[in-house]
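Asker: The structure under discussion is supplied below as structure tokens; questions concerning it will follow.
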Ligand SMILES: Nc1nc2c(ncn2[C@@H]2O[C@H](COP(=O)(O)OP(=O)(O)OP(=O)(O)O)[C@@H](O)[C@H]2O)c(=O)[nH]1
Ligand SMILES: [Mg+2]
């Protein structure tokens, strides 16, 4: 297994039917893993149907909803056990564009990890109101002041990782569940002296389905960033 694209899902029945073929078109050779937390809407049934015509599509079904961070840890472990060299995180709701996925994979050999970034030149958000922009940019600004690495988009979740990078981080040490999960992974890698590069991506708001974003996730990120400064590597 060379490249693995990990799509976490919770109630993404409509999106998953479209995003898997779109990812497949963008990366014909990659393995794709859907990590689903027992979605009541039957997301897994759709994946099983798609698997009939795609031997490199995999499904990791989990018992219940445990948050995005836990789903990614499970997906990373699944991929590392099977020898994946490049592992990419990607939302299943079309916020992350399949054409940018290709660029993340192309950039990965030159770095230890690649961050898809809305806030570098060429990056953008589509359909975002002012409030959402302020929360996202403000969150990255706040994080930059505290953690002191010059990352522009700390909370972004469209990132590629070399297997060795995830192994060095040690996935069992990661604690966060929500947005802070993205911050924590990037920070742990940077603290280890690893090299991350930001490449521009265009982020679009989800078209269909329900958002799982909550103020709890935002507040978790705000307080966890402080705790991160004290982690020992
Ligand atoms: N397996 C799993 N996937 C999740 C969980 N929470 C969210 N996801 C998935 O993670 C991706 C990102 O979640 P979103 O709900 O889109 O969160 P967001 O992008 O911050 O917010 P919106 O785009 O506004 O909905 C989507 O593919 C979700 O289905 C979870 O607890 N478990
Ligand atoms: Mg989303």
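Asker: Within region 127-147, work out how many residues are surrounded by 11 or more Cβ atoms within 10 Å (Cβ to Cβ) and not in a helix (DSSP H, G or I).
Answerer: Summing the residues that are surrounded by 11 or more Cβ atoms within 10 Å (Cβ to Cβ) and not in a helix (DSSP H, G or I) in region 127-147 gives 2.
Asker: Looking at 222, 190, which is the one that is more than 16 Å from ligand 1 (Cβ to nearest atom) and touching a residue at least 40 places away in the same chain (Cβ under 8 Å)?
Answerer: Values: 222 fails: more than 16 Å from ligand 1 (Cβ to nearest atom).
Testing whether each residue is more than 16 Å from ligand 1 (Cβ to nearest atom) and touching a residue at least 40 places away in the same chain (Cβ under 8 Å) leaves just 190.
Asker: Just checking, does region 199-215 include any residue being at negative phi, more than 16 Å from ligand 1 (Cβ to nearest atom) and in contact (Cβ under 8 Å) with a residue 12 or more places away in the chain? Steps first, please.
Answerer: From region 199-215, those at negative phi are 199-208, 210-215; that's our starting set.
Then keep just the ones that are more than 16 Å from ligand 1 (Cβ to nearest atom); that gives 199-200.
Right, trim to in contact (Cβ under 8 Å) with a residue 12 or more places away in the chain and you get 199-200.
The answer is yes, given that some residue of region 199-215 is at negative phi, more than 16 Å from ligand 1 (Cβ to nearest atom) and in contact (Cβ under 8 Å) with a residue 12 or more places away in the chain.
Asker: Determine whether residue 121 is part of a loop (DSSP other than H, G, I, E, B), in contact (Cβ under 8 Å) with a residue 60 or more places away in the chain and away from ligand 1 (no atom under 11 Å from the Cβ). Quick ask: steps written out before the conclusion?
Answerer: Details: part of a loop (DSSP other than H, G, I, E, B): yes; in contact (Cβ under 8 Å) with a residue 60 or more places away in the chain: yes; away from ligand 1 (no atom under 11 Å from the Cβ): yes.
Answer is yes for this residue.
Asker: Hey, among 83, 64, 75, which residue is within 26 Å of residue 111 (Cβ to Cβ) and either surrounded by fewer than 17 Cβ atoms within 10 Å (Cβ to Cβ) or more than 12 Å from ligand 1 (Cβ to nearest atom) (or both)? Spell out how you get there, then give the answer.
Answerer: Values: 64 fails: within 26 Å of residue 111 (Cβ to Cβ); 75 fails: either surrounded by fewer than 17 Cβ atoms within 10 Å (Cβ to Cβ) or more than 12 Å from ligand 1 (Cβ to nearest atom) (or both).
Matching residue, one of 83, 64, 75: 83.
Asker: Starting from region 72-93, keep only residues that are within 25 Å of residue 208 (Cβ to Cβ) and modelled with pLDDT of 95 or more, then list their pairs with residues that are assigned to a helix (DSSP H, G or I) and more than 16 Å from ligand 2 (Cβ to nearest atom) whose Cβ atoms are within a distance under 7 Å, requiring at least 6 positions of separation or different chains.
Answerer: Here the result reads 88/104; 88/105, each pair linking region 72-93 to a residue that is assigned to a helix (DSSP H, G or I) and more than 16 Å from ligand 2 (Cβ to nearest atom).
Asker: A further question on this structure: Counting only residues that are surrounded by fewer than 13 Cβ atoms within 10 Å (Cβ to Cβ) and within 14 Å of ligand 2 (Cβ to nearest atom), which one in region 190-212 is nearest to the chain's Cα centre (by Cα)?
Answerer: Only one residue fits best here, namely 211.
The values are calculated or read from the model by the stated rules, or taken from the named source; none is laboratory data. This structure is a prediction, so every number in the text was calculated from the model and none was measured. When we count neighbours, we look across all protein chains shown, and the Cβ atoms used for this are built from the backbone with ideal geometry, even at glycine.
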